[in-house]
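Undergrad: Questions regarding the structure given below will be posed in turn.
The values are calculated or read from the model by the stated rules, or taken from the named source; none is laboratory data. These numbers were taken from a predicted model, which means no experiment stands behind them. Reconstructed Cβ throughout: ideal geometry from the backbone, glycine too, with neighbour counts over all protein chains shown.
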Amino acid sequence: MLDEGKDLPRLQPWFIQENKWRSARYGMDAILILDEHGNEDLISDDILRLLRTLEPTAAKLGCEKELDDIRVILRKGASYQRQRAVARRSGNDLGAVVDHLVKELRAGKPL
């Protein structure tokens, strides 16, 4: 944005605090304040937009895979979402959740 002569977006401090609270409270279901006008969007949609913006820079740096890893998390869910899904499927068996976490750790990726 600076290279294009554009101003960087600025949020009021209380918007930043509110976004932190919403993220902590709602996780990937959070609706964040995006700009000084108070426009909002679902965090996952905002992340997808940001990833598209970052693609050219990632290509220059050779780290496209890392951006793709974020897309995998958005598609499969954050760790807490995957853990909750395993718990639901297993009748809230926490042993199944731990087993799933171990499988993911060994695989080195979300399952």
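Undergrad: Return a yes/no flag: does region 66-85 have any residue that is under 27 Å from residue 48 (Cα atoms), in a helix (DSSP H, G or I), more than 18 Å from the chain's Cα centre (by Cα) and charged (D, E, K, R).
TA: No, because not a single residue in region 66-85 is under 27 Å from residue 48 (Cα atoms), in a helix (DSSP H, G or I), more than 18 Å from the chain's Cα centre (by Cα) and charged (D, E, K, R).
Undergrad: Ok, one more. Just for region 52-83: of the residues that are of a type in the set (Val, Ile, Thr) and farther than 16 Å from residue 111 by Cβ, which one is surrounded by the most Cβ atoms within 10 Å (Cβ to Cβ)?
TA: So the residue we want is 70.
Undergrad: How do the pairs read when you match residues in region 62-88 that are free of Cβ contacts under 8 Å to residues at least 24 places away in the same chain and over 15 Å from residue 44 (Cβ atoms) with residues anywhere that are of a type in the set (A, V, I, L, M) and surrounded by fewer than 13 Cβ atoms within 10 Å (Cβ to Cβ), using Cβ under 9 Å and keeping only pairs 6 or more apart or on different chains?
TA: Listed pairs, sorted by first residue: 87/94.
Undergrad: Please enumerate the residues belonging to region 85-110 that are exposed (fewer than 12 other Cβ atoms within 10 Å of the Cβ) and touching an Asp or Glu at 6+ places or on another chain (Cβ under 9 Å).
TA: 109
Undergrad: Residue pairs, Cβ under 8 Å, 6 or more apart or interchain, first in region 27-49 and under 20 Å from residue 7 (Cα atoms), second among the charged types (D, E, K, R) and assigned to a helix (DSSP H, G or I). List them.
TA: Pairs found: 33/18; 34/46.
Undergrad: While we're on this one: Taking region 15-38, which residues are surrounded by fewer than 10 Cβ atoms within 10 Å (Cβ to Cβ) and modelled with pLDDT of 95 or more?
TA: Answer for region 15-38, where residues must be surrounded by fewer than 10 Cβ atoms within 10 Å (Cβ to Cβ) and modelled with pLDDT of 95 or more: 24, 25.
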